[in-house]
Amino acid sequence: MSTNINMLIVDDEESVRDSLYNWFIEDGYEVGCAENASVALNMLEKKDFDIILADIKMPGMDGLEMLKRIKTIKPSAIVIIMTAFATVDTAVQALKDGAFDYVTKPFDPDDLSHLIRNASKQIALASENESLKSRITNLEQVEDLIGSSEAMQQVLREVQSVAPSNASVIITGESGTGKELIARAIHANSPRKFFPMVSVHCGALSESLLESELFGHEKGAFTGAVYNRKGRFEMADNGTIFLDEIATISAKMQIELLRVLETKSFMRVGGNKLINSDFRVICATNKDLKKMVDNGTFREDLYYRLNVVNILIPPLRERVDDIPLLVDYFIRKYCNAMSRNIVSIEPAAIRKLKEFEFPGNVRELENMIERAIVVGNGKEIRVKDLPLSQESVVSSSVESLDELEKKHIQLILNKYDWNISRASKALQVDRVTLYNKIKKFDLKQPD
Amino acid sequence: MKLPGITLIAIGYFERKMLDALADEVSNEYHTDVYLREEFKDLSPFFDPARKQYNGNALLKEIESQYALENRKTIALVTVDLFIPILTYIFGQAYLNGRTGIASMYRLSNERYGLPRNDELLFDRCVKELVHELGHAYGLIHCRTLRCVMLSSTYVEDIDQKSMHLCMECQKILGIHDHKK
C-alpha cells in the first residue's frame with residue numbers, strides 16, 4: 001500500500017511516537033517524529049508534511065498553539081489533534097483553529113485507519129483540485145498569441161493590464177488578426193478564468209435568433225421552442241461573454257444589449273422571470289464603431305458602455321517580423337496534429353511570405369502553412385508549396401494603381417527569380433519597359 | 001532466492017501439534033526453515049493494570065533484545081491481549097525490515113466474540129497473523145490486494161476475508177514467486 005503521503009507525529013511520549021511510527025510505516029507512509037512543537041515546526045520548514053498528528057498537551061508550546069503556527073506555514077496541512085483527556089472546549093477550539101479532526105487516545109485501530117483514509121482523501125481532493133485548476137489554466141492559456149514585434153508586444157501589454165479588471169473591452173482589427181484569441185487571453189488572465197467564456201458570433205444570426213441565443217427562451221415561446229433553454233448571458237454567469245462582430249447587431253438588439261449591460265439582468269424570450277447574471281463583456285469588430293456612431297448606425301450610449309478599453313490588433317502586414325515565429329509555430333502545430341516529423345521551411349519561402357500582403361492576416365498564413373504541409377514533400381516547405389498567387393496582391397490595403405502595379409511587378413519578378421526576360425514575357429511588356437518600371441518603383445532583388 | 005530462516009517462539013501453553021502445523025504453514029509460505037521454540041516466559045512485567053492489557057511495544061523490544069538473531073526472523077506467539085499506547089488493541093506487530101515480530105492469539109478465537117469454538121478457523125487466523133507480521137519483518141508493507149495476507153486488518157472479520165498467502169506482487173518483492181506453482 002505505498003503512498004506519497006508524508007506524516008509527522010508530534011508527541012512528547014516516546015512510546016506514542018514509536019507506536020504510531022511503526023503503525024504508519026507498515027502502511028507505506030513516510031513518517032517523521034518530533035518530541036515537541038518547536039522541533040516539529042523546524043521540521044516543517046525543511047520538509048513538506050501532508051498530515052500532522054499532534055498531541056494537545058506537550059511541554060512548552062501546546063498542540064493548539066502549534067496548530068495555529070502550522071496553519072501559517074502550510075495552510076493546506078492536515079492537522080489531527082490527539083488528546084488523552086478530551087473536553088468539548090478544546091475540541092471546539094481545535095476545529096475552529098483549522099484542525100482536520102480531534103481524537104482521543106487510545107484509538108480503536110479501525111478509527112485510526114478511517115481517520116487517515118479520510119485525511120488522505122482530503123489530500124487527494126485538494127491535489128486533484130489543484131491539478132484541475134492548472135489544467136484549466138493550461139487549456140485557457142492562449143499559446144497562439146505569438147509575436148515579438150513591438151506592435152504585438154503592445155497588444156499583449158494591454159491584455160495584461162486590462163485582464164484583472166472587470167472593464168468592458170472592444171477589440172478592433174481586420175478579419176483574421178486573432179480577435180477571439182485576444183478575448184480568450186483577457187479571460188484566461190482574469191479572476192473569472194475558472195468560469196466559462198461564452199462566445200457569440202452576432203453576425204451569423206438573425207435578430208430573432210440572436211435574441212433567443214443571448215437571452216434564452218422558455219418552452220413554447222415560439223414555434224420550435226420545445227424546451228426551456230438558457231441564454232448565453234446566463235451561461236456566462238461569473239465568466240465572460242464574447243460578442244464577435246458586434247457592429248452587425250440591429251438597432252433593436254442594441255437597445256436590448258444596453259439594458260442588459262446596465263442592469264445585468266434580463267428575461268428569457270417568452271419568460272416573465274428576471275434572471276441575474278454576473279458577466280464581463282468583451283466585443284470584437286472589424287468595423288470602425290466610432291464612424292458608425294457618427295453616422296447614426298450604432299448607438300452612442302452602447303458604444304461608450306462597451307468601449308471602456310479599446311485594443312487594436314495590427315494587421316499581419318504591419319508586423320512582418322512576426323511571420324517567421326508564426327510560421328514556426330504553425331509548422332509545429334500542424335506537424336504534431338498530422339503526426340508528421342517537423343518540417344523546415346526554405347529561407348526563400350520565408351522571404352516570399354514576408355512580402356505577401358496577407359489580406360486574411362494570421363488566419364490566412366495559418367491556412368497557407370497547413371496546406372503547404374499537406375501538399376509538400378514532407379521535408380521542407382518550398383516557395384512552390386505556398387499559394388502566393390497573383391490575385392493575392394489585390395488586397396484591401398492597396399488603393400492606388402501605382403501601388404498595385406508596383407506590387408504586381410514585384411510579385412512576378414519574384415516568381416521568375418528576377419529573370420527579366422521571363423518576367424517581361426509574363427507581364428507582356430518589353431525588357432526596357434520592365435527595367436524602367438524597376439527603376440521607377442525602386443524594386444530590389446531579395447538577397 | 002532463499003529468505004532468512006524463521007524462529008517461532010511460542011510463549012505460553014499451546015498444543016504441540018498445532019505449533020508444528022503452524023510452523024509448517026509458515027515454512028511453506030516463505031520457503032525457508034522454521035525453528036520452533038517453546039518458552040514459558042513471565043509476561044507480567046508487560047502488563048498494564050490501567051488497561052488490563054499487555055504492552056506490545058515493550059514486549060517486542062524484549063523479544064528483540066533476548067531472542068533476535070542475525071540473519072533470522074524471530075516471531076513470538078502469545079496468548080495475551082496486546083496493546084500499543086495509541087491503539088486500543090493490536091493483533092500483532094513487527095519491526096519493518098527488522099528481525100522481530102509478535103502476534104497474539106487473544107482476539108483470534110471465536111469464543112472472544114460469543115461464538116462457538118472453531119479450532120480450524122482459529123488456526124487459519126493464527127497462520128495469517130504470523131505470516132503477516134513476518135511479511136513486515138521481511139520488509140513488506142500493507143498490500144491493497146484484497147486476498148493478500150499483507151492486507152491490513154483491524155477486525156477479526158477482516159482477517160477472515162483474506163487468504164493465508166502472499167499475492168504475486170508481494171512474492172515478487174521478496175523474490176520467492178518462482179517457488180510457487
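Within the option set A:105, A:71, being closer than 30 Å to residue B:154 by Cα and in contact (Cβ under 8 Å) with a residue 24 or more places away in the chain holds for one residue only, A:105.
How many residues does segment A:188-247 hold that are among the charged types (D, E, K, R) and surrounded by fewer than 17 Cβ atoms within 10 Å (Cβ to Cβ)? Even if it seems obvious, please write down each step before you answer.
Step one: filter segment A:188-247 for residues among the charged types (D, E, K, R), giving A:192-193, A:207, A:211, A:213, A:218-219, A:229-230, A:232, A:234, A:237, A:244-245.
The next check asks that each one be surrounded by fewer than 17 Cβ atoms within 10 Å (Cβ to Cβ); those that pass are A:207, A:219, A:230.
So the answer is 3.
Before we move on, is residue B:102 within 29 Å of residue A:104 (Cβ to Cβ), within 13 Å of chain A (Cβ to nearest Cβ) and free of Cβ contacts under 8 Å to residues at least 60 places away in the same chain? Yes, satisfied. Considering only residues that are under 42 Å from the mean Cα position of the chain (by Cα) and at the interface with chain B (Cβ under 7 Å from one of its Cβ atoms), which ones fall in segment A:4-23? Residues satisfying the conditions do not exist here. Any residue in segment A:157-164 that is closer than 19 Å to residue A:240 by Cβ and without any contact (Cβ under 8 Å) to a residue 12 or more places away in the chain? Within segment A:157-164 (the criterion being closer than 19 Å to residue A:240 by Cβ and without any contact (Cβ under 8 Å) to a residue 12 or more places away in the chain), the answer is yes, since at least one residue qualifies. Can you work out which of the residues in segment B:1-42 that are among the charged types (D, E, K, R) and under 14 Å from residue B:77 (Cα atoms) is surrounded by the most Cβ atoms within 10 Å (Cβ to Cβ)? For segment B:1-42, the residue satisfying everything is B:41.
For segment B:122-140, enumerate the residues that are assigned to a loop (DSSP other than H, G, I, E, B) and crowded, with 21+ Cβ neighbours inside 10 Å.
Step one: of segment B:122-140, the residues assigned to a loop (DSSP other than H, G, I, E, B) are B:138-140.
Passing the criteria: B:138, B:140.
Residue-level analysis places residue B:169 among those that are more than 30 Å from residue A:12 (Cα to Cα) and within 14 Å of chain A (Cβ to nearest Cβ).
Among A:79, A:92, which is the only one that is buried (at least 18 other Cβ atoms within 10 Å of the Cβ) and more than 14 Å from chain B (Cβ to nearest Cβ)?
Selected residue: A:79, the only one of A:79, A:92 that is buried (at least 18 other Cβ atoms within 10 Å of the Cβ) and more than 14 Å from chain B (Cβ to nearest Cβ).
Residues are listed down the side, and each one gets a yes or a no for (1) in contact (Cβ under 8 Å) with a residue 12 or more places away in the chain; (2) charged (D, E, K, R); (3) buried (at least 23 other Cβ atoms within 10 Å of the Cβ); (4) part of a loop (DSSP other than H, G, I, E, B):
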site	(1), (2), (3), (4)
A:9	yes, no, yes, no
A:12	yes, yes, no, yes
A:17	yes, yes, no, no
A:21	yes, no, no, no
A:25	no, no, no, no
A:31	yes, no, no, no
A:40	yes, no, yes, no
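Where in segment B:1-96 are the strands (runs of 3 or more DSSP E), entirely inside, with at least 3 residues that are more than 14 Å from chain A (Cβ to nearest Cβ) and closer than 15 Å to residue B:126 by Cα?
Working: elements: B:5-11, B:34-39, B:53-55, B:72-78, B:82-84, B:87-90, B:92-94.
Ranges flagged: B:5-11, B:72-78.
For residue B:111, are the conditions met, namely being in contact with a Gly (Cβ under 6 Å, 6 or more places away or on another chain) and part of a helix (DSSP H, G or I)? Judged against the criteria, residue B:111 is not a match.
Working only within segment B:141-160, note down all residues that are assigned to a helix (DSSP H, G or I) and away from chain A (no Cβ under 14 Å). So that I can check it myself, show each step before the final result.
Looking only at segment B:141-160, we keep the residues that are assigned to a helix (DSSP H, G or I), and these are B:156-160.
If the condition is that a residue be assigned to a helix (DSSP H, G or I) and away from chain A (no Cβ under 14 Å), then B:160 is the only one that fits.
Selection over segment A:267-285 of residues that are at negative phi, surrounded by 14 or more Cβ atoms within 10 Å (Cβ to Cβ) and modelled with pLDDT under 90 gives a count of 5.
The values are calculated or read from the model by the stated rules, or taken from the named source; none is laboratory data. A quick note: this is a predicted structure, and the numbers were derived from the prediction, not measured. With ideal geometry, Cβ positions are generated from the backbone for all residues, glycine too; neighbour counts draw on all protein chains shown.
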